[in-house]
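Worksheet: one structure, shown below.
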Amino acid sequence: MAGIWGFPQWEGQGLEPPEVAVAVEAWRQAWRPERLRLLLLAESHMAGTAAELAAPLLPAPGWPMRAGFVRHLYCPAYGEPSLAPDVPRNAGTPQYWGLLAGAEGSTAPTRAAYPAAEARLAAKLALLERLRRRGVWLTDASLVAVAGPGGARVSPAAYGAALRESWRLHHHVVLPALDPAGVVVIGLAVARVLKAELDAAFPGRWQAVPQPMGARGAAAAAAMVGRLAEALRRHAPGD
């Protein structure tokens, strides 16, 4: 990664080739609002491969097409096998769609609610556009993948290095300059690693919730959605 963001600790430890991380960042930037009001800081995207990045994608009407296939919800083909028929194990991240939609108070764009791919993609697009208009942006604490399909994860040492180096070399300049009114860190491990940096950059403006996959039971999941919904109402109210 040294040729991209300068991750000396990361060289040889990553789950994916560097060009995948670059493509993921292009997708994130495609959805950044002009005026950021609420920053959602998750852990990382899911690792991909060079073959997946080069896989042909079918068009998704209305979506920006900034890069190839990556495992991040801002890429329309992630979780939509009909758009990327050559990509294996493409289940997507329905938990995050459920969290975002639940916090907004809308129906989650899942297969259960929208069995037809065209309608589901339209619902996903509409949700992301509404959040962007409200000034909400989801980005990741680590610019390189720390997890991959099938439960693969980097070592604890590499995990900490990825988050800290992403902050030192990129986030500590970029994110505070965007001046969000509030920050929600999605992932308690992220908050533990970056607590000092977050306190310095966003004093009194950040909070942490568990990852949606880590909510233990319906009550915990509802509480997490409720905290994010309150952050939206407070910092990024709708029209």
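The values are calculated or read from the model by the stated rules, or taken from the named source; none is laboratory data. Remember, predicted model here, so these are calculated numbers, not experimental data. A quick note on method: Cβ atoms are made from the backbone with ideal geometry, for glycine too, and the neighbour counts reach across all protein chains shown.
What are the residue pairs meeting all of these: first residue in the stretch 93-121, first residue hydroxyl-bearing (Ser, Thr, Tyr), second residue surrounded by fewer than 19 Cβ atoms within 10 Å (Cβ to Cβ) and in a loop (DSSP other than H, G, I, E, B), Cβ atoms under 8 Å, and 6 or more apart or on different chains?
Here the result reads Thr107/Ala113, each pair linking the stretch 93-121 to a residue that is surrounded by fewer than 19 Cβ atoms within 10 Å (Cβ to Cβ) and in a loop (DSSP other than H, G, I, E, B).
Are any residues in the stretch 26-77 small (Gly, Ala, Ser), surrounded by 15 or more Cβ atoms within 10 Å (Cβ to Cβ) and under 23 Å from Gly151 (Cβ atoms), and if so, which ones?
Once the filter is applied, which keeps residues that are small (Gly, Ala, Ser), surrounded by 15 or more Cβ atoms within 10 Å (Cβ to Cβ) and under 23 Å from Gly151 (Cβ atoms), the stretch 26-77 yields Ala42, Ser44, Ala47, Gly48, Ala55, Ala77.
Six or more apart or on different chains, Cβ atoms under 9 Å: show the pairs whose first residue is in the stretch 159-179 and without any contact (Cβ under 8 Å) to a residue 40 or more places away in the chain and among the basic types (Lys, Arg) and whose second is surrounded by 15 or more Cβ atoms within 10 Å (Cβ to Cβ) and in a helix (DSSP H, G or I).
Correct list of pairs: Arg164/Val193; Arg164/Leu194; Arg164/Glu197; Arg168/Glu197.
With the requirement that a residue be in contact with a helix residue (DSSP H, G or I) (Cβ under 6 Å, 6 or more places away or on another chain) and modelled with pLDDT of 95 or more, what does the stretch 81-95 give you?
Within the stretch 81-95, Ser82, Val87 qualify.
One line per residue, one yes/no per condition, for (1) more than 19 Å from Gln211 (Cα to Cα); (2) in contact with a strand residue (DSSP E or B) (Cβ under 7 Å, 6 or more places away or on another chain); (3) of a type in the set (Asp, Glu):
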{"residue": "Thr93", "(1), (2), (3)": "no, no, no"}
{"residue": "Ala141", "(1), (2), (3)": "no, yes, no"}
{"residue": "Val144", "(1), (2), (3)": "no, no, no"}
{"residue": "Ala158", "(1), (2), (3)": "yes, no, no"}
{"residue": "Leu163", "(1), (2), (3)": "no, no, no"}
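Leu39 passes all but one of (1) touching a Cys at 6+ places or on another chain (Cβ under 9 Å); (2) at pLDDT 95 or above; which number fails?
(1)
Please work out if Ala147 is aliphatic (A, V, I, L, M) and surrounded by fewer than 15 Cβ atoms within 10 Å (Cβ to Cβ).
Answer is no for this residue.
In the stretch 199-224, what residues are within 13 Å of Leu40 (Cβ to Cβ) and either out of contact with any strand residue (DSSP E or B) (no Cβ under 8 Å at 6 or more places or on another chain) or part of a helix (DSSP H, G or I) (or both)?
Listed by number, the residues that qualify are Pro212, Met224.
From the list Leu99, Leu131, Leu125, which residue is within 18 Å of the chain's Cα centre (by Cα), surrounded by fewer than 21 Cβ atoms within 10 Å (Cβ to Cβ) and among the hydrophobic types (A, V, I, L, M, F, W, C)?
Leu125 is the lone residue from the list that is within 18 Å of the chain's Cα centre (by Cα), surrounded by fewer than 21 Cβ atoms within 10 Å (Cβ to Cβ) and among the hydrophobic types (A, V, I, L, M, F, W, C).
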